[in-house]
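Worksheet: the structure to be examined is printed underneath.
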Amino acid sequence: MKARWLIPIVLVSLVALGGFDAALAQQKWKAVATSRPTPQFALWTWLGEEMDKRTNGQVKLEVVSLPELGLTGFELVRVTRSGLVDVADVILAYVAGDVPVIEGVDLPGLFPSLDASVKAHVGFMAAIKKNEDKLGGIVLGGYLWPGQYIFSRKPARNPAELKGLKVRVYGTAQTEFARALGMEPVSIAFAETYTALERGTVDAAFTGTYPGFALKFFEVSKFLIDVNHGPVGGAFVISKRTWDRATPELRTTLTKLGVEFSERGWEVGRRTTQEGLDKNREKGMEVIPITPAMAAASKDVFTKVVLPSWLKRSGPDAKAIFNQYLAPHAGITVP
C-alpha cells in the first residue's frame, strides 16, 4: 500500500470504531497493539484496565489489534505522529526504517544469552527515549517478545542447510542477517505468515516462540531452529498530541503506569520464550538447538554484516550509543 493512502484508510477505520475527535473529547482513547492471541497483548488490556481504575473512569482505553485496523505495524511511526491513535505498540524492528538507531538492541546475533538481552533492553530504554521525537510520541515503557526462532517446513541442523530457504522476515537487520546466512528473505506481515507457510510461499518464518504457537504455526511447519537471534523489543508510546492535551496529574499517572508496564513487559518476554518452545514441542514440532557451527556462523554474520550496516545507517551517534548501552551486555565494543 502506498504511503499516501495510509492515513485516510486508518482514519476511516478509527471513525468506524467511534471517531477520533469524539473519542478524545470524551477521554476515550484508542490503542493499537500487535496481535490478540499472544500473551503480550494482555499487557495492553491490563493497561486499559489500570488507566480506567487510576483515573476514576476519566480515561477509557479501547485496545484493538493491527489486523483489525488493516495495519502491519510498519506504519506506526506515521500513524502515531499524526495523532490517529492515542497509544501505540511500537515494535522496534518494525519501525527501524523510520528510526534505524533504535533497532540496535534487536540486532540478531548480538547477545550471548537471553539474560544479557533482557538486561540490555532495560538499559536501552534511555536511548529510545532520546529518539522519541522521531517516534511521534512519548515513550513511557517497554516490553519483550520472546526469543526469535525460525519456524520451518524443512530441517536445518547446520548453516549449509539454511541456504536457499525462503524465510519471512521483518526489519532491516533481520533481512540482512537472513540473506548473509544464505536464506532468501521475504517481507510478510505477521498476520499473513500462517497462510504463506501453508501455501509454500515461504519455507520458513522468523518469529517469537510463543507468537508462532499462538497463531498455530505448528500446523504448517515442523521445525523450530535456533540461530541465536535473540528476543526483540517493543515500546509503549503515547501520541504527543494526546500527551500535550493531558493534565499534569494524568501525565504523572501515565508515567507511573509506564514503569509498571515495563516490569510486566520484561518478565513476559523472558517467560514466554521457554513456554513457546515447550508448547510447540507438545504439538509435535522438533526444536533444533543452536550448534557450535550455527553459533559461529551467526556471530560471523553479525560482526561482518549486521553491525557495520546498522552503524552506517544509524548516523554518527550510533557508535557511542552501542558502546554505552549495548557493549556491556554483548561483550564487544566498536573501536
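All of the numbers you see were taken from the coordinates with simple rules; none came from a lab. Everything numeric in this text was worked out from a predicted model, so none of it was measured. Cβ coordinates were reconstructed from backbone atoms using ideal geometry, including for glycine residues, and neighbour counts include every protein chain displayed.
Lys and Arg at +1, Asp and Glu at -1: add these up for the other residues within a Cβ distance under 14 Å of Pro289 and post the number.
On the way: positive: Arg157, Arg281; negative: Asp226, Asp278, Glu286.
Neighbour charge sum, excluding Pro289 itself: -1.
If you take the Cα atoms of segment 40-188, find Rg, then find the Kirkwood Rh from the mean of 1/r over all pairs, what is Rg/Rh? The partial results should precede the final answer.
Numbers: Rg = 17.5 Å, Rh = 17.4 Å.
Here the Rg-to-Rh quotient is 1.01.
In whole percent, what relative contact order does segment 64-138 give with Cα contacts below 8 Å and a gap of six or more residues? Could the numbers behind the result be given before it?
On the way: 52 pairs, mean separation 24.6, N = 75.
RCO, segment 64-138: 33 percent.
Under the Karplus relation 6.51 cos²θ - 1.76 cosθ + 1.60, θ = phi - 60°, what is the ordered set of whole-Hz ³J(HN,Hα) values for segment 200-207, x standing for Gly and Pro?
x, 4, 10, 8, 7, 8, 7, 6
With contacts defined as alpha carbon pairs under 8 Å and 6 or more residues apart, what's the relative contact order of segment 201-299 in percent?
On the way: 59 pairs, mean separation 58.2, N = 99.
Over segment 201-299, the number comes to 59 percent.
Return the single residue from Gly265, Gly142, Gly83 with maximal mean-square fluctuation; model: Gaussian network over the chain, springs between Cα atoms under 10 Å.
Between Gly265, Gly142, Gly83, it is Gly83 that shows the largest mean-square fluctuation.
So, by mean Cβ neighbours within 10 angstrom, what's the order for 250-263, 95-108 with the highest one leading? Working shown, then result.
Working: 250-263: 16.5, 95-108: 23.4.
Top to bottom by mean Cβ count within 10 Å: 95-108, 250-263.
Which of Leu114, Leu197 comes first, and how do the rest follow, when ranked by fewest Cβ neighbours within 10 Å?
Numbers: Leu114 17, Leu197 24.
Neighbour counts put them in this order, fewest first: Leu114, Leu197.
Which whole-number value in Å³ per residue fits the convex hull of the alpha carbons of segment 250-310? If you can, show how the numbers build up before the last one.
Values: hull volume 9.0 nm³, N = 61.
Spelled out: Cα convex hull of segment 250-310, divided by residues, is 147 Å³.
Convert each backbone phi in segment 163-180 into a coupling constant with the Karplus relation 6.51 cos²θ - 1.76 cosθ + 1.60 (shift: θ = phi - 60°), then list the ³J(HN,Hα) values in order as whole Hz, x for Gly and Pro.
Once θ is set to phi - 60°, the couplings for segment 163-180 become 5, x, 6, 7, 10, 5, 9, 8, x, 5, 5, 5, 4, 5, 4, 5, 5, 5 Hz.
Mind running the shape call on the chain? Use the C-alpha gyration tensor, a ≥ b ≥ c as the square roots of the eigenvalues: rounded below 1.5 for a/c, prolate if a/b tops b/c, oblate otherwise. Show your work: numbers first, answer last.
Working: a/c = 1.79, a/b = 1.46, b/c = 1.22.
Because a/c hits 1.5 or more and a/b exceeds b/c, the chain counts as prolate.
Using the structure shown, list the pairs from Lys283/Lys304; Lys119/Lys154; Lys166/Lys299; Lys256/Lys279; Lys30/Lys130; Lys216/Lys256 with a Cα-Cα distance above 30 Å, or answer none. Don't jump to the answer; show the numbers that get you there.
Working: Lys283/Lys304 37 Å; Lys119/Lys154 33 Å; Lys166/Lys299 21 Å; Lys256/Lys279 34 Å; Lys30/Lys130 25 Å; Lys216/Lys256 35 Å.
The pairs that break the limit, which is 30 Å between Cα atoms, are Lys283/Lys304; Lys119/Lys154; Lys256/Lys279; Lys216/Lys256.
Distance from the Cα centre of segment 123-145 to that of segment 295-319, in angstrom?
21
Please state the relative contact order of the chain as a whole percent: Cα pairs under 8 Å, 6+ residues apart? Please report the intermediate quantities before stating the final value.
On the way: 625 pairs, mean separation 80.7, N = 335.
Relative contact order for the chain comes out at 24 percent.
Would you look at the GNM of the chain, springs on alpha carbons closer than 10 Å, and say which of Ile91, Ile290, Ile225 moves the most?
Ile290
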